[in-house]
Amino acid sequence: MKVAINYWRNPSGKAPVEKYIDSIVNKEERAELLSALNGIQESGTDVIGVEFRHIEGKLWELKIRTHGTQHRIFYVVLKGNEMILLHAYLKKSQKAPLKEIQVAKQRMKQLAGG
C-alpha cells in the first residue's frame, strides 16, 4: 500500500524533519535515509530496513539505520495513508529521550488543532 509522506511545518513554513535530513553531511547516509522514506511511500510498512515502533496514542517512530548511524523520526498517521513526519533525531541512547518525545507530541497537538 502506498503511503503519502508529508512534513510537519511550523507557522513560518519551515519543516524541521526536512532540515534534519538536509543537515546530514555524509551524502551516502542522506541518500540512504531518503531512499528509506521513498521505500515507505512505495511499500508502506513492508519496506526493508525500517522498523516501526509505537510510542503512545497516535505517535509512532521510524527507526532507520544508515552507515551504522541510527536515525529516529517520530510520525503520526492522521487519516488514511498520510504519514506526517513530526520530529527527527540521532539515536545515542537505548531509549528515546523524553525531550524528543515531548517535541513530537507538541507538534502532533498543533496538527490536531490544539
- Message: Net charge within 12 Å of Ser23 by Cβ-Cβ distance, Lys/Arg positive one each and Asp/Glu negative one each, not counting Ser23 itself?
- Response: -1
- Query: Of His71, His54, His87, which has the largest mean-square fluctuation in a 10 Å C-alpha GNM of the chain?
  - Reply: His54
- Item | Under 29 Å from the Cα of Lys27 - lysines, other chains or at least 8 residues apart | Lys2, Lys14, Lys19, Lys63, Lys91, Lys92, Lys95, Lys99
- Length released on extending from Asn81 to Asn38, taking residue separation times 0.36 nm less the Cα-Cα span: 14.1 nm
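Taking R0 as 25 Å, what's the FRET efficiency between Thr69 and Thr45 from their Cβ-Cβ distance, rounded to 0.05?
Details: r = 22 Å, r/R0 = 0.88.
Efficiency computed from Cβ-Cβ geometry: 0.70.
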- Message: At 7 Å along Cα-to-Cβ for each site, give me the label-to-label distance between Leu111 and Lys58 in nm.
- Response: 0.7 nm
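How much length is gained on full extension from Asp22 to Gln94, taking 0.36 nm per residue of separation minus their Cα-Cα distance?
On the way: separation 72, 0.36 × 72 = 25.92 nm, distance 2.49 nm.
Value of the extension gain: 23.4 nm.
Find the all-direction average of the projected area of the Cα convex hull for the range 4-111, expressing the result in square nanometres with one decimal place.
Working: hull surface 27.0 nm².
That works out to 6.8 nm², a quarter of the Cα hull's surface.
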- Item | Within the range 4-111: Cβ-based charge dipole about Cα centre, in debye rounded to nearest 20 (Lys, Arg +1; Asp, Glu -1) | 540 debye
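Coordinate-derived values only; no laboratory data. Bear in mind that the values here come from a model prediction, so they are computed numbers and not experimental data. All Cβ positions, glycine included, derive from the backbone under ideal geometry; neighbour counts span all protein chains shown.
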